[in-house]
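First up is the structure itself, then whatever we jot down about it.
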Amino acid sequence: MAARRAIASAKMMTTTSSSSPLSSKTRTNATKSIVTLVASSSASFSSSAFAQTTPPLSRNNHNNRNNGSTMTSFSGTWTRRRGAHDVSSSSSSRCFTATATSATTGCRRRSGFREASSVIARSYASSSEKKLLVAAPMVYVAGEEMTKYVMDLVKEKWIAPAVDTSKWEHFDLSAKNRDETNDQVLKDVVTAGFKLKAIFKEPTITPTADQVKRLGLKKTWGSPNGAMRRGWNGITISRDTIHIDGIELGYKGPVLFERHAVGGEYAAGWKNVGRGTLKTTFIPKDGPDAGKEIVVDERECKDEISAVVTYDNAYDNVHNLAKFFFERCLEAGVKPYVVTKKTVFKWQEPFWKIMKDVYDSDFKAKFIAQKIVAEKDAELVHLLSDAATMKLVQWTQGNFGMAAHNYDGDVLTDELAQMHKSPGFITSNLVGVAPDGTYIKEFEASHGTVTDMDEARLRGEETSLNPLGMVEGLIGAMNHASFTHDTKENHKKMVDFTTSIRNIMHKLFREGKGTRDLSGPSGATTEQFIDRVANELKKNRA
């Protein structure tokens, strides 16, 4: 009876609020987090819990959240999301939009997002006799624009009906929230990721000057990637080809790529100078020359304008990179190659030497034993970066791996993505090493927020975004979180579930029921494809 009263109350509020836009105050709230909760008609909610207007969660009341079946920590209204495709055709579900605010950072972890996940989980649990699979702790980083819209649908329709995600910690890393929290949210993401070791990140924007003006930002916030790589002791960014059985995208077999996660031009210091003497000096902190000034380079700048650039290539963690790379190549059964431009850039020699030493001492015999390489051809092969660009075009059979410096890896993996149809069919995983030697892994898509498609969606036009790259990232994060924190039994259950999502997506693509990038003009819209996968998952749970 209480459940029917709650639903009746919800319907009344839906009618009242559906035609009313959010207030200006709500839209511009410094650290808003919008959470969509899907409530089953059989869920036992207290109608008064939704009707009240209690203050949103903050640091002070986070620990006092209600752990029962009612949701008393949120304020908000029932509402229909804009757009016909967002309104469920089922009379047994409605959407509740709750605004939850953190006192300082806007971290969804502290702003009720975990409570939101719990309510979603409880609502589905009450409408199904099957027990929800409990997801291991991990960090979920929300982004913006079209990709955020799609991942909200994925979480709502694919994940929530089967998985309790209440142990996830959620953060809003949109440009607006970074600006409003003075980037405190990024620091919190790094801290949480270091602790939980499994992270999924939606695409985010690094705002241009025009976007700074349009969004009303205080400044141009840089890419968050540098802070993440430093904070998680990043050793590599793994970018691999995604394959769909029965559909040829580009490479026939797997291609693995490791891009050194630190060093190079990305953290360079620079200054435009005129004519004069340029001297680069180094002062050691240790050793017999500690405190002494050592001249690294000295030259004359003869032009009226010269750009002076300084950076270093950090090599301490290349041993870890080598170990990770060769282990992955062994597991995939592919031949490894190391890419540098050491013939010209002499400072790249140590990268090659470390990689070769690790290969010779720890992996060469294993590659021979697994018959990945013949004994007579077992030496580690070096490729100049120029040659690597050609090999990526020629070796369409796949079945190889490459490892390169930061910048070369960035350029070469862009080429890899184009050879394999698009960035949507390439993974992107940042791998770091914790002090205890375990891996910290952050998973994301290798494409951006798809701004043009989001603008079309907001104009009411049909869109067809393939979520495969993002979902592969989410699957990877969920599996790694389970591997890190769960028992073997629970880990197997999680892998079974995530594998079922992948298999269903692949099946629909093979049947011509996928998005239009693979299925042509008659392919599914964004929302149709989400619903098709959701229906297949529902059949699996039946």
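The values are calculated or read from the model by the stated rules, or taken from the named source; none is laboratory data. These numbers come from a predicted model, not from an experiment. For neighbour counting, all protein chains shown are included, and Cβ atoms are generated from backbone atoms with ideal geometry for every residue, glycine included. When the accessible area is computed, the model is the full protein with side chains, heavy atoms only, and any ligands, DNA or RNA have been set aside. Shrake-Rupley method; radii C 1.70, N 1.55, O 1.52, S 1.80 Å.
Structure above, values below:
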| quantity | calculated |
| --- | --- |
| Residue 511 being in contact (Cβ under 8 Å) with a residue 60 or more places away in the chain, closer than 20 Å to residue 245 by Cα and charged (D, E, K, R) | no |
| Among (1) out of contact with any His (no Cβ under 8 Å at 6 or more places or on another chain); (2) surrounded by fewer than 22 Cβ atoms within 10 Å (Cβ to Cβ); (3) in contact (Cβ under 8 Å) with a residue 24 or more places away in the chain - the single one residue 503 does not satisfy | (3) |
| Hey, residue 338 within 25 Å of residue 248 (Cα to Cα) and either modelled with pLDDT under 95 or of a type in the set (A, V, I, L, M, F, W, C) (or both) or not | no |
| Of residues in the range 237-249 being charged (D, E, K, R) and in a strand (DSSP E or B), the one nearest to residue 195 (Cα to Cα) | 239 |
| Scan of the range 242-275 for residues that are in contact with a Cys (Cβ under 9 Å, 6 or more places away or on another chain) and surrounded by 11 or more Cβ atoms within 10 Å (Cβ to Cβ), ordered by number | 256, 273, 275 |
| Count - residues of the range 431-482 that are among the acidic types (Asp, Glu) and open to solvent by less than 10 Å² (accessible area, probe 1.4 Å) | 1 |
| All positions within the range 446-476 that are at pLDDT below 95 and farther than 18 Å from residue 214 by Cβ | 446, 447 |
| Selected residue (only one of 398, 424, 409 is in contact with a Ser or Thr (Cβ under 9 Å, 6 or more places away or on another chain), open to solvent by less than 50 Å² (accessible area, probe 1.4 Å), not acidic (Asp, Glu) and not in a helix (DSSP H, G or I)) | 398 |
| Qualifying residue in the range 159-176 (condition: over 30 Å from residue 388 (Cβ atoms), basic (Lys, Arg) and free of Cβ contacts under 8 Å to residues at least 12 places away in the same chain) | no |
| The range 203-236, residues that are surrounded by fewer than 23 Cβ atoms within 10 Å (Cβ to Cβ), hydrophobic (A, V, I, L, M, F, W, C), within 17 Å of the chain's Cα centre (by Cα) and not in a loop (DSSP other than H, G, I, E, B) | 227 |
| Entirely in the range 308-386, the helices (runs of 4 or more DSSP H) that have 1 or more residues that are under 23 Å from residue 268 (Cα atoms) | 318-332, 349-358 |
| Some residue of the range 518-525 being in contact (Cβ under 8 Å) with a residue 40 or more places away in the chain, under 15 Å from residue 155 (Cα atoms) and out of contact with any Asp or Glu (no Cβ under 9 Å at 6 or more places or on another chain) | no |
| Qualifying residue in the range 160-175 (condition: acidic (Asp, Glu), assigned to a helix (DSSP H, G or I) and touching a strand residue (DSSP E or B) at 6+ places or on another chain (Cβ under 8 Å)) | no |
| Meets criteria (surrounded by 18 or more Cβ atoms within 10 Å (Cβ to Cβ), free of Cβ contacts under 8 Å to residues at least 60 places away in the same chain and of a type in the set (Val, Ile, Thr)) for residue 487 | no |
| Residue among 192, 290 that alone is small (Gly, Ala, Ser), in contact with a Lys or Arg (Cβ under 9 Å, 6 or more places away or on another chain) and not in a strand (DSSP E or B) | 192 |
| Condition check for residue 422: under 14 Å from residue 239 (Cβ atoms), at pLDDT below 95 and not β-branched (Val, Ile, Thr) | yes |
| Candidate set from the range 527-542 (those that are under 22 Å from the mean Cα position of the chain (by Cα) and closer than 19 Å to residue 475 by Cβ); member that is surrounded by the fewest Cβ atoms within 10 Å (Cβ to Cβ) | 534 |
| Leading residue by the ranking (most open to solvent (accessible area, probe 1.4 Å)) among those in the range 327-343 that are within 24 Å of the chain's Cα centre (by Cα) and free of Cβ contacts under 8 Å to residues at least 60 places away in the same chain | 331 |
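Matching residues to (1) more than 21 Å from residue 400 (Cβ to Cβ); (2) touching a helix residue (DSSP H, G or I) at 6+ places or on another chain (Cβ under 8 Å); (3) outside the structural domain of residue 400 (by the TED database); (4) crowded, with 16+ Cβ neighbours inside 10 Å:
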{"position": "283", "(1), (2), (3), (4)": "yes, no, yes, no"}
{"position": "286", "(1), (2), (3), (4)": "yes, no, yes, no"}
{"position": "298", "(1), (2), (3), (4)": "yes, no, yes, no"}
{"position": "352", "(1), (2), (3), (4)": "no, no, no, yes"}
{"position": "355", "(1), (2), (3), (4)": "no, yes, no, yes"}
{"position": "363", "(1), (2), (3), (4)": "no, yes, no, yes"}
{"position": "384", "(1), (2), (3), (4)": "no, no, no, no"}
